[in-house]
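Q: First, the structure itself, so that you have it in front of you.
The values are calculated or read from the model by the stated rules, or taken from the named source; none is laboratory data. Keep in mind that this is a model prediction, so the values were computed, not measured. Note that each Cβ is placed from the backbone with ideal geometry, even for glycine, and that neighbours are counted across all protein chains shown.
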Amino acid sequence: MSNLIVRAKKEVLLATNFWKASGATTLITDALLELSKRAGARNERVVVKLMYDRGSLKQVMDNHQNVPPSGWNASGVGLPSPDKIPNVDLAVVNFHRPPLGTFHCKFMVVDRQVATVSSNNIQDNDNLEMMSHLEGPIVDSLWETFLVSWHNSLTPHLPCRDTPAAGKPAPSYHEDAFNHLFDASGAFRKPEEPFHESLPEHMPHDPHYDDDIAGEINRMRSVLNPQASENHADAVCRHLNKPTGISIKSTAPRDEPNLHFFPFIPVPKTDPLPMAMASRKPYANLNNESVFVPQNEAFLSLVRNAKRTVFIQTPDLNAKPLLPAIIEAVHRGVEVTYYVCLGYNDTGEMLPGQGGTNEVNANYLLKQLTPENKHLLKIFFYVAADQDHPIHNSFKQRSCHIKLLIADESVAVQGSGNQDTQSWFHSQEVNVMIDSPIVCKAWREGIERNQNTALYGRASDDGCCYDKDGKLAPGSYGLDAGGISGWAKGAVGILNKAQGK
């Protein structure tokens, strides 16, 4: 994101749910400072609009709060003051529709030519995330989505309002460096190739920007090179520890053949691909009536019409309309595989009106199947690329926040929408649906390349996660997460979280 921001010529539109002053936000603020410097060197200005969701009592009366410079420069936000970015026209809107209409989107549009759609908020955490870099007419749809979401007046106006992406060539395909990332067969094999150049890591307060995606990829190849006495798992562990400053050790076997963990997943030049937005608007009310929205219809349609396979990765899977669709797919003979995060937001999911924990829902699904088709439902708990076992989310060491659904290795939905109650019925979400076996194959390979879930994360026959001694994984509630006891645990967890425990 920060590299795209500094390359902007006219405008940047950035939408995120959670913005918390951190190393992640510093990468963005560093980029804004550099953007202003570069714009000044060209004797130009760049318009930047930022949206986030930071709850405010004022939003009861006005959901879209314009944030003044004193607000965005305050502790906890940490955006640069106007005098620090003299060549950037920055405006900020804080959007929330109380009580439950969360602005959960995570996307960005740069110069109305390039867009990103992602799972990540802008904060430091231990999550594995997924972001797609998009070009072509879909960028216009994301640009328009931002305008509708912004709602307030646009001052100054957007300089790219008359220069849509539709009808223009995809920028990356015209970069020789990008096209040279692939071998003659079109395969991306750079992670497996030795890389001997030592490049400084792109870090908060010490940014090192690249001119293009190929440059970013080479920098990452340098970062992931094992240092003296390190194996590949150790290098990955070092990389994953850095954002949160933790120091856990790798547990993946030293001699384990690996797929070369590498977060970049470029796709070779193809003909234009069918894409569509599959989003949902925010719904604030304390009920689950807002279900017939494009996002949910896309999810259900893919599962209901799948002929061979369904793959899902999501932090939580408990949306009530999705569960019977999964059961029906398995009864049709479809292989359904899903990856979830052990213990993700358990304290919240145990509260009344939420969907329950991942283990409880896995147990429910497995009980609906027959011995003849039970093998078609494959449930896994996320295992990081440097580990050999799932780690409960409560430890904040290795979690997963990806939101992805792929049907028949051909059609996929990726973005901000979880497979949980909040995303299905309340939050504003932005996802993109792509019809492309080429992209789906690359994404599935990338999913496996960057985690060990398929190797070590299979759930037990009761849907729970057990350690090597046969005990529930540390931190797990197992199946004791429902009814009054579950509600009580959820309430205590929410209270502890509010108190910073």
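Q: If the Cβ limit is 6 Å and pairs must be 6+ apart or interchain, which residue in the range 200-225 that is over 23 Å from Asp124 (Cβ atoms) pairs with which residue that is among the aliphatic types (A, V, I, L, M) and not in a loop (DSSP other than H, G, I, E, B)?
A: Asp212/Ala177; Ala214/Ala177
Q: Quick one: how many residues across the range 176-210 are among the charged types (D, E, K, R) and either in a helix (DSSP H, G or I) or surrounded by 12 or more Cβ atoms within 10 Å (Cβ to Cβ) (or both)? Write out each step before concluding.
A: So in the range 176-210, the residues among the charged types (D, E, K, R) come out as 176, 183, 189-190, 192-193, 197, 201, 206, 210.
Filter once more, so that each one left must be either in a helix (DSSP H, G or I) or surrounded by 12 or more Cβ atoms within 10 Å (Cβ to Cβ) (or both): 176, 183, 190, 192, 201, 210.
So the answer is 6.
Q: Looking only at the range 275-299, filter to residues that are assigned to a strand (DSSP E or B) and out of contact with any Leu (no Cβ under 8 Å at 6 or more places or on another chain); which one of those is surrounded by the most Cβ atoms within 10 Å (Cβ to Cβ)? Spell out the reasoning first.
A: Just the residues of the range 275-299 that are assigned to a strand (DSSP E or B), to begin with: 275-277, 280.
After this cut, where a residue has to be out of contact with any Leu (no Cβ under 8 Å at 6 or more places or on another chain) as well, the list is 276, 280.
Values: Ala276: 15, Arg280: 27.
Filtering the range 275-299 for residues that are assigned to a strand (DSSP E or B) and out of contact with any Leu (no Cβ under 8 Å at 6 or more places or on another chain), the one surrounded by the most Cβ atoms within 10 Å (Cβ to Cβ) comes out as Arg280.
Q: Among the numbered conditions (1) within 19 Å of Tyr344 (Cβ to Cβ); (2) out of contact with any Ser or Thr (no Cβ under 9 Å at 6 or more places or on another chain), tell me where Cys464 comes up short.
A: Status for Cys464: all satisfied but (2).
Q: Another question about this same structure. Looking at Val60, is it assigned by TED's automatic domain parsing to the domain that holds Leu13, buried (at least 16 other Cβ atoms within 10 Å of the Cβ) and among the hydrophobic types (A, V, I, L, M, F, W, C)? Spell out how you get there, then give the answer.
A: On the way: assigned by TED's automatic domain parsing to the domain that holds Leu13: yes; buried (at least 16 other Cβ atoms within 10 Å of the Cβ): no; among the hydrophobic types (A, V, I, L, M, F, W, C): yes.
Here the answer is no, as Val60 does not meet what is asked.
Q: Looking only at residues in the range 123-175 that are of a type in the set (Ser, Thr, Tyr) and in contact with a Phe, Trp or Tyr (Cβ under 9 Å, 6 or more places away or on another chain), which one is surrounded by the fewest Cβ atoms within 10 Å (Cβ to Cβ)?
A: Of all residues in the range 123-175, those of a type in the set (Ser, Thr, Tyr) come to 132, 141, 145, 149, 153, 155, 163, 172-173.
From what's left, in contact with a Phe, Trp or Tyr (Cβ under 9 Å, 6 or more places away or on another chain): 132, 145, 149, 172.
Values: Ser132: 22, Thr145: 20, Ser149: 21, Ser172: 18.
For the range 123-175, the residue satisfying everything is Ser172.
Q: In the set Gln422, Gln414, which member is closer than 27 Å to Leu142 by Cα, part of a strand (DSSP E or B) and in the same structural domain as Val383 (by TED's automatic domain parsing)? Working first, answer last.
A: Working: Gln422 fails: part of a strand (DSSP E or B).
Of Gln422, Gln414, the one residue that is closer than 27 Å to Leu142 by Cα, part of a strand (DSSP E or B) and in the same structural domain as Val383 (by TED's automatic domain parsing) is Gln414.
Q: Still on this structure, please answer the following. Exactly one condition in (1) in contact with a Pro (Cβ under 9 Å, 6 or more places away or on another chain); (2) crowded, with 23+ Cβ neighbours inside 10 Å; (3) in a helix (DSSP H, G or I) is false for Ile438; which is it?
A: Of the numbered conditions (1) in contact with a Pro (Cβ under 9 Å, 6 or more places away or on another chain); (2) crowded, with 23+ Cβ neighbours inside 10 Å; (3) in a helix (DSSP H, G or I), the odd one out for Ile438 is (2).
Q: Sticking with this one: Given the conditions (1) crowded, with 22+ Cβ neighbours inside 10 Å; (2) assigned to a loop (DSSP other than H, G, I, E, B); (3) in contact with a Lys or Arg (Cβ under 7 Å, 6 or more places away or on another chain), which single one is not true for Ser476?
A: With (1) crowded, with 22+ Cβ neighbours inside 10 Å; (2) assigned to a loop (DSSP other than H, G, I, E, B); (3) in contact with a Lys or Arg (Cβ under 7 Å, 6 or more places away or on another chain) applied to Ser476, the lone miss is (3).
Q: Kindly list the number of the only condition in (1) modelled with pLDDT under 95; (2) outside any loop (DSSP other than H, G, I, E, B); (3) in contact with a His (Cβ under 7 Å, 6 or more places away or on another chain) that fails for Arg219.
A: Only one criterion in (1) modelled with pLDDT under 95; (2) outside any loop (DSSP other than H, G, I, E, B); (3) in contact with a His (Cβ under 7 Å, 6 or more places away or on another chain) is unmet by Arg219, namely (1).
Residues are listed down the side, and each one gets a yes or a no for (1) under 30 Å from Pro390 (Cα atoms); (2) in the same structural domain as Met51 (by TED's automatic domain parsing); (3) over 21 Å from the mean Cα position of the chain (by Cα):
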residue: Pro99; (1), (2), (3): no, yes, yes
residue: Lys106; (1), (2), (3): yes, yes, no
residue: Asp111; (1), (2), (3): no, yes, yes
residue: Ala115; (1), (2), (3): no, yes, no
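Q: Before we move on, is Pro69 in contact with a helix residue (DSSP H, G or I) (Cβ under 9 Å, 6 or more places away or on another chain) and under 30 Å from Ser172 (Cβ atoms)? Please lay out each step first, then the result.
A: Working: in contact with a helix residue (DSSP H, G or I) (Cβ under 9 Å, 6 or more places away or on another chain): yes; under 30 Å from Ser172 (Cβ atoms): no.
No.
Q: Follow-up. In the range 451-468, what residues are part of a loop (DSSP other than H, G, I, E, B) and more than 15 Å from Thr251 (Cα to Cα)?
A: Start the filter on the range 451-468 by keeping residues that are part of a loop (DSSP other than H, G, I, E, B), which leaves 452, 457, 459-465, 467-468.
Ala459, Ser460, Asp461, Asp462, Gly463, Cys464, Cys465 - these are the residues of the range 451-468 that are part of a loop (DSSP other than H, G, I, E, B) and more than 15 Å from Thr251 (Cα to Cα).
Conditions tested, residue by residue: (1) within 18 Å of the chain's Cα centre (by Cα); (2) among the polar types (S, T, N, Q); (3) outside the structural domain of Ala74 (by TED's automatic domain parsing); (4) not in a helix (DSSP H, G or I).
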site	(1), (2), (3), (4)
Asn17	yes, yes, no, yes
Ile28	yes, no, no, no
Leu32	no, no, no, no
Ser36	no, yes, no, no
Gly40	no, no, no, no
Glu44	no, no, no, yes
Lys49	no, no, no, yes
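Q: A further question on this structure: Quick one: which residue in Ser185, Ser149, Ser132 is over 22 Å from the mean Cα position of the chain (by Cα) and either under 30 Å from Ala384 (Cα atoms) or not β-branched (Val, Ile, Thr) (or both)? So that I can check it myself, show each step before the final result.
A: Values: Ser149 fails: over 22 Å from the mean Cα position of the chain (by Cα); Ser132 fails: over 22 Å from the mean Cα position of the chain (by Cα).
Of the residues listed, the single one that is over 22 Å from the mean Cα position of the chain (by Cα) and either under 30 Å from Ala384 (Cα atoms) or not β-branched (Val, Ile, Thr) (or both) is Ser185.
Q: Taking into account only those residues within the range 317-369 that are of a type in the set (A, V, I, L, M) and without any contact (Cβ under 8 Å) to a residue 40 or more places away in the chain, which is surrounded by the fewest Cβ atoms within 10 Å (Cβ to Cβ)? I'd like the intermediate steps shown before the answer.
A: Just the residues of the range 317-369 that are of a type in the set (A, V, I, L, M), to begin with: 317, 319, 322-323, 325-327, 329-330, 334, 336, 340, 342, 350-351, 360, 362, 365-366, 369.
Checking which are without any contact (Cβ under 8 Å) to a residue 40 or more places away in the chain leaves us with 325, 329.
Details: Ala325: 19, Ala329: 23.
Taking the candidates together, the pick is Ala325.
Q: Against the definition (in a helix (DSSP H, G or I), within 23 Å of Ala412 (Cβ to Cβ), of a type in the set (Gly, Ala, Ser) and touching a residue at least 40 places away in the same chain (Cβ under 8 Å)), how does Ser172 come out, yes or no? Don't jump to the end; show me each part of the working.
A: Working: in a helix (DSSP H, G or I): yes; within 23 Å of Ala412 (Cβ to Cβ): yes; of a type in the set (Gly, Ala, Ser): yes; touching a residue at least 40 places away in the same chain (Cβ under 8 Å): yes.
Considered against the rule, which asks whether it is in a helix (DSSP H, G or I), within 23 Å of Ala412 (Cβ to Cβ), of a type in the set (Gly, Ala, Ser) and touching a residue at least 40 places away in the same chain (Cβ under 8 Å), Ser172 comes out as yes.
Q: Restricting the search to the range 318-353, which residues are in a loop (DSSP other than H, G, I, E, B) and within 19 Å of the chain's Cα centre (by Cα)? Write out each step before concluding.
A: Taking the range 318-353 first, the residues in a loop (DSSP other than H, G, I, E, B) are 318-321, 332-334, 341-345, 350-353.
Once the filter is applied, which keeps residues that are in a loop (DSSP other than H, G, I, E, B) and within 19 Å of the chain's Cα centre (by Cα), the range 318-353 yields Asn318, Ala319, Cys341, Leu342, Gly343, Tyr344, Asn345.
Q: Considering only the range 173-208, state which residues are in contact with a His (Cβ under 8 Å, 6 or more places away or on another chain) and modelled with pLDDT of 95 or more. Spell out the reasoning first.
A: First pass over the range 173-208, keeping only residues in contact with a His (Cβ under 8 Å, 6 or more places away or on another chain): 191-192, 199-202, 208.
Matches in the range 173-208: Leu199, Pro200, Glu201, His202, His208.
Q: Scan the range 74-97 and give yes if some residue there is among the aromatic types (Phe, Trp, Tyr) and under 24 Å from Val6 (Cβ atoms), otherwise no.
A: Of the residues in the range 74-97, the ones among the aromatic types (Phe, Trp, Tyr) are 95.
Right, trim to under 24 Å from Val6 (Cβ atoms) and you get none.
Within the range 74-97, not a single residue is among the aromatic types (Phe, Trp, Tyr) and under 24 Å from Val6 (Cβ atoms).
Q: Determine if the range 229-243 includes at least one residue that is part of a loop (DSSP other than H, G, I, E, B) and buried (at least 18 other Cβ atoms within 10 Å of the Cβ). Talk me through it step by step, then tell me what you get.
A: Step one: filter the range 229-243 for residues part of a loop (DSSP other than H, G, I, E, B), giving 229-231, 242-243.
With the extra rule that they be buried (at least 18 other Cβ atoms within 10 Å of the Cβ), the set shrinks to none.
No; the residues of the range 229-243 include none that is part of a loop (DSSP other than H, G, I, E, B) and buried (at least 18 other Cβ atoms within 10 Å of the Cβ).
Q: Something else now. Scan the range 59-112 for residues that are small (Gly, Ala, Ser) and in a loop (DSSP other than H, G, I, E, B) and report the count. Lay out the reasoning, then the answer.
A: Residues of the range 59-112 that are small (Gly, Ala, Ser), as a first pass: 70-71, 74-76, 78, 81, 91, 101.
If we keep only those that are in a loop (DSSP other than H, G, I, E, B) too, we end up with 74-76, 78, 81.
Residues meeting the conditions: 5.
Q: For the condition in contact (Cβ under 8 Å) with a residue 60 or more places away in the chain and either in contact with a Pro (Cβ under 7 Å, 6 or more places away or on another chain) or in the same structural domain as Arg444 (by TED's automatic domain parsing) (or both), what is the one hit in Leu134, Leu181, Leu158?
A: Values: Leu134 fails: either in contact with a Pro (Cβ under 7 Å, 6 or more places away or on another chain) or in the same structural domain as Arg444 (by TED's automatic domain parsing) (or both); Leu158 fails: either in contact with a Pro (Cβ under 7 Å, 6 or more places away or on another chain) or in the same structural domain as Arg444 (by TED's automatic domain parsing) (or both).
Exactly one of Leu134, Leu181, Leu158 is in contact (Cβ under 8 Å) with a residue 60 or more places away in the chain and either in contact with a Pro (Cβ under 7 Å, 6 or more places away or on another chain) or in the same structural domain as Arg444 (by TED's automatic domain parsing) (or both), namely Leu181.
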